[in-house]
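First the structure, in the form of structure tokens, and then the observations on it.
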Amino acid sequence: LKVRQSRAIFEALEKIRARADWDALPPAWQRVIELRLRSARLAGIALPEEQRRQFNANEQELSRLSTEFSNHVLDATKSYGLNLTDPADVEGIPPTVLALAAQAHRQWLATTQADEAARKNEANGASAPAGSATAASQPPPAAHDSEASPSGDSDATRGPWRFTLEAALVVPFLQHCRRRELREQVYRAYVTRASAPPHDNTPLIPEILRRRREKARLLGFRTYAEVSVESKMVPSVERVFEFLEELRSASWQPAHTEFDELTDIARRHDAELPLKHWDVAFWSERLREERFEFTDEQLRPYFPLDRVLDGLFALVEDLFGIRVRPAECAVSTWDPDVRFFHVLEDDRIIAAFYLDPYSRPRNKRPGAWMDECLVRRRCGDRRQLPVAYLVCNSTPPVGSTPSLMTFREVETLFHEFGHGLQHMLTVVDEADVSGINGVEWDAVELASQFMENWCYHRPTMDRISGHYQTGEPLPDDLFRKLCEARTFRAASAMLRQLFFGLVDMELHHRFDPQSGTDPFDVQRSVAERTSVLPPLPEDRTLCSFQHIFAGGYAAGYFSYKWAEVLSADAFEAFQETGLDDPAALRSTGRRFRETVLALGGSRHPAEVYRAFRGRDADPKALLRLYGLLPGTDTD
């Protein structure tokens, strides 16, 4: 904050901006200066001294409140656990999930035993063992708690198992647990997280909103949503509401049809009706199994990593005129499985990247990401070429069997490679706006999400798939099911994301935190327009909505959908010119490279997108992609 509030830097930049020859400066230089000035203004640089002190104090308090909010969610999530011992209670839950639940039980039991030892030591006047948990931190046993064995022995097949509110356990539990009353118990716990002492976020929500409104007032804005949009691609708050409503209205009726399909399959299985919130995920999975009849394990043999990489590299060669080759020189890496590649154009190296493909639970965090190793920049008379890190957590080789990827892992690789392409194919030499730098938040996912679309392109699928034993590409029936599964319950998924996006914008634009009204009334009001099932009266989802109260998405959650619209509309440009026409693909691909991938943050993303597409992105492209417009396939 101190750097952004440097008066000397700000005044120097303003002098440059006011120069008579400003328009003669290269566009990238102008953009760097404008972004730094914008950042400084949003940091309160232009405020009088007294107001700046108020601004800084407000920022410090917002930081403290956000940290407290996050800690409450973390502690509330950890404090709940459903312990089960009867195999009948976990029937239908996948073995990998049961293994994770068994591990969670072992860890819980070890903590419980350590706490008990600490209490005994305290009672005897001895100090607690170093590193042990305190008794106060241990939650009371949940319903269905097991009588743990003295040894604490637990495995996936015979239990005991502990199901927590961590996503890796709660999601598959709701999808697969056949005991309806247990699903209800876990669901109710999930939607009321962090809403009661000692981890209660209820009083923090209006205070965070009030302080954000105060920040907006000090900066000269009416609402915090206006502050957020100032640094986004979307032109105005009004446009956010317009495009969210366009997506919502198109998804509303199809979502009711999707819910009717769940009711139908539940009725055919003699399930108790009407369906409740804790039934939706369970019957969605049963319908998915019935309709598509394929599993990740059936697909894995068709996606050995090396085959996927060869197909991906062939695709970008066709689209963007580059070649990707393993580096011929020796390069030091942080793990033997890490690979290093050069990106070439006309036999000239223009970029490079490290690929860290495999999961290593002991020393590598989960997920996938792209990061900068070196950014393209001008260094005196020399140019520093961009180098990227592409990190995934795919399944490693086992013995003589190569790395066999799930289809989701394939999509993830394409996604991260899209980020990498924007970093590596930039033509901008100013580091602040080179590659992904300087790209507004709601536009930075364009290239990555765009690349995922090629996983559903049959010629590309023939390139990236090949059975590791026979070389046979993915059969037509499995490919067709993959494409159909992509749009499975698309309207319901759309409405869920729109619920979060609209709640976020309503709270930060139309809700007055000093009016004495309840933020949960906003949640309920938005749910009436976005949820087929009304929320439970005790639903307190806001209390665990970390994206907007403890993350960087305040008045910006809409960015997920805005970027999806951009990527869907961009892919339609290739569809319009002909996905099966190599010449047309090359032509459109070069245009995409020369704009979206090359210009990075050197121009406003709306300007960059218009240079590629000739117009603004159309939200209907996303609706068409998921079959949510009349006349499109909704399977």
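The values are calculated or read from the model by the stated rules, or taken from the named source; none is laboratory data. Keep in mind the model is a prediction, meaning the values are calculated, not measured. Neighbour counts are summed over all protein chains in view; Cβ atoms, including those assigned to glycine, are modelled from backbone coordinates with ideal geometry. Accessible surface is based on the protein model in full, side chains and every heavy atom, while ligands, DNA and RNA are left aside. Shrake-Rupley method; radii C 1.70, N 1.55, O 1.52, S 1.80 Å.
Points worth noting:
- In a simple Cβ point-charge model (Lys, Arg +1; Asp, Glu -1; nothing else charged), the chain has a dipole of about 1800 debye relative to its Cα centre.
- Calculated FRET efficiency for the pair SER525/ARG217, C-beta based, R₀ 25 Å, to 0.05: 0.50
- Cα-projected label distance for ALA57 with ALA584, points at 7 Å along beta-carbon direction, nm: 6.4 nm
- For chymotrypsin sites (Phe, Trp or Tyr not before Pro), no site in the stretch 444-484 is both called loop by DSSP and has at most 16 other Cβ atoms within 10 Å.
- Per residue value of the accessible surface for the stretch 172-221 (all protein chains in place, 1.4 Å probe), Å²: 42 Å²
- Extension gain for ASP310-GLU289 works out to 4.4 nm (0.36 nm per residue, less the C-alpha to C-alpha distance).
- Beta bridges per DSSP, both residues in the chain: antiparallel share near 80 percent.
- The residues of the stretch 479-635 expose on average 39 square angstrom of accessible surface per residue, using a 1.4 Å probe on protein heavy atoms.
- Amide H contacts of LEU82 (H built 1.01 Å from N, in plane; Pro and chain starts excluded): PHE163, THR164 sit under 5 Å, all sequence-distant by 5 or more or on other chains.
- Comparing GLY380, LEU623, SER531 along the charge dipole axis of the chain, the residue lying farthest to the positive side is GLY380, per the Cβ-charge model.
- Euclidean distance of C-alpha centroids, the stretch 79-106 and the stretch 429-498, integer Å: 33 Å
- Estimated inter-spin distance, ARG615 and ALA168, nm [label 7 Å along Cα→Cβ]: 4.6 nm
- For the stretch 37-87, the per residue solvent-accessible surface stands at 47 Å², with DNA, RNA and ligands left out and a 1.4 Å probe.
- Look at the dipole of the stretch 420-467 built from charges on Cβ: of GLY435, HIS467, GLN422, the Cα furthest out on the positive end belongs to HIS467.
- Charge dipole (the chain, unit charges on Cβ, about Cα centre) - positive-most of GLY399, PHE500, LEU35: LEU35
- Averaging the Cα positions of each part gives two centres, and for the stretch 600-632 and the stretch 32-77 these lie 32 Å apart.
- Cα gyration tensor shape for the stretch 538-635, rounded if a/c is under 1.5, else prolate or oblate: oblate
- On the basis of the beta-carbon distance and an R0 of 51 Å, ASP462 and ASP86 show a calculated FRET efficiency of 0.60.
- Backbone HN-Hα couplings from phi across the stretch 58-75 [Karplus 6.51/-1.76/1.60, Hz, Gly and Pro as x]: 5, 5, 4, 5, 4, 4, 5, 5, 5, 5, 4, 4, 4, 5, 4, 5, 4, 5
- Check: the stretch 4-55 dipole with +1 on Lys, Arg Cβ and -1 on Asp, Glu Cβ, in debye: 180 debye
- Equivalent ellipsoid semi-axes - Cα gyration tensor, the stretch 305-365, angstrom: 24, 15, 8
- Sequence-distant aspartates and glutamates (8 or more away, or on other chains) whose Cα lies within less than 17 Å of LYS2: GLU11, GLU49, GLU50, GLU59, GLU61
- When the convex hull of its Cα atoms is projected in every direction, mean area for the chain (nm²): 34.0 nm²
- Spin-label pair ARG268/GLN575, simplified geometry with 7 Å Cα→Cβ offset, distance in nm: 2.9 nm
- Solvent-accessible area, 1.4 Å probe, carbon plus sulfur percent, for the stretch 394-497: 53 percent
- The phi torsions of the stretch 24-38, fed into the Karplus equation with coefficients 6.51, -1.76 and 1.60 and a -60° offset, translate into couplings of 7, 5, x, x, 5, 5, 4, 5, 4, 5, 5, 5, 5, 5, 4 Hz, rounded to whole numbers, with Gly and Pro shown as x.
- Estimated vicinal HN-Hα couplings, Hz - the stretch 12-18 in sequence order (Karplus 6.51, -1.76, 1.60; Gly, Pro = x): 5, 5, 5, 5, 5, 4, 8
- Sites ASP346 and GLN469, calculated FRET efficiency, Cβ-Cβ separation with R0 41 Å, nearest 0.05: 0.60
- Gain upon complete extension [GLU538, LYS364; 0.36 nm per residue less C-alpha separation]: 58.8 nm
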